[in-house]
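Take a look at the structure set out below.
Coordinate-derived values only; no laboratory data. Since the model is a prediction, treat every value here as computed from it, not as a measurement. Cβ placement follows ideal geometry from the backbone for every residue including glycine, while neighbour counts extend to all protein chains displayed.
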Amino acid sequence: MLEKASVTQARPYKEYYLSQFFQVHPVNPQKRLIQQAVEIIRSGGVVAYPTDSGYALGCHLGDKAALDTVRRIRRLDEKHNFTLVCRDLSELGTYARVDNSAYRLIKAHTPGPYTFILKATGEVPRRLLQSKRKTIGLRVPDNPTTLALLEELSEPLMSVSLILPGETLPMTDPYDIRDTLQHELALVIDGGFCGMEPTSVIDLVDDVPVIVRRGLGDCSGFEV
């Protein structure tokens, strides 16, 4: 059960509760905790979780209320590209349109700290799409906790980096995340320190790759 928070005035329903806090082993995450985390995600909770490029916010792919919470935390507008975090490339063709050259580039750089901007298929909910280009971000991370979550979930996780408004780098300390966002999140997963540099973002919509953001990872393979 979630711990009930003391409140002095009316708040939205989800704000009556404090986030749960799971400490998982960074190399061998405990299966019981992973299963509980996935139950929270499936029930509509927004979670903070470790990746190979800092902490991120994640929620169930089809949950509008959870997505609204993510938008509110990050103050995102309709121009933002959300990311589907996938366990491997087998899910790529379901959610994105990828030609052979783009697939080769993606395969050569995954798993790893890269986010690829691609044309979305009809399997992606419209509310997740970048409003004009109808694109979606996809990535396959190299982090045991993330991969364990995705394996248990059996579908991609809707995700954004946990970069608060006005900041340029992701949050790095799960205790700070809990203290700052405990009334917004259903769960904080402490997977230890996982870096503070965001992913490199590569736009593969057109024939020529475009490096949108240089972060972690070698971008030389995308330079023309």
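Where both partners of a DSSP beta bridge lie in the chain, what percent of those bridges are antiparallel, to the nearest 5? Don't skip to the end; give the middle numbers.
Values: 22 of 37 bridges.
Rounded to the nearest five, the antiparallel share is 60 percent.
Given +1 on the Cβ of Lys and Arg, -1 on the Cβ of Asp and Glu, and no further charges, what dipole in debye does the chain carry about its Cα centre, rounded to the nearest 20?
On the way: 26 positive and 28 negative charges, 142 e Å.
For this selection, approximately 680 debye.
Compared with the dominant principal axis of the Cα atoms in the chain, helix 144-153 is inclined by about 80°. With only the Cα atoms considered, region 68-207 has a convex hull volume of 116 Å³ per residue. For the pair residue 25 and residue 121, the difference between a 0.36 nm per residue extended length and the Cα-Cα distance amounts to 31.0 nm. Loop-located trypsin sites (Lys or Arg not before Pro) across region 33-92 with a Cβ neighbour count of 12 or fewer within 10 Å are 75, 79, with loop assigned by DSSP. Exposed loop positions in the chain were taken to be GluC sites (Glu not before Pro) whose DSSP state is not H, G, I, E or B and which have at most 14 other beta-carbon atoms within 10 angstrom. Between these positions, the longest stretch is 4-77.
If only the Cβ of Lys and Arg carry +1 and only the Cβ of Asp and Glu carry -1, the dipole of region 7-131 around its Cα centre is close to 160 debye.
I need the calculated FRET efficiency for the pair residue 218 and residue 167, taking r as the beta carbon distance and R₀ as 30 Å, to the nearest 0.05.
Working: r = 25 Å, r/R0 = 0.83.
E between residue 218 and residue 167, to the nearest 0.05, is 0.75.
For a quick protection proxy, order the peptides 133-145, 46-58 by their average other-Cβ count within 10 Å, most packed first. Present the calculation step by step, with values, prior to reporting the outcome.
Values: 133-145: 22.6, 46-58: 26.2.
Result, highest mean Cβ count within 10 Å first: 46-58, 133-145.
Between region 80-141 and region 164-217, the C-alpha centres lie 17 angstrom from each other.
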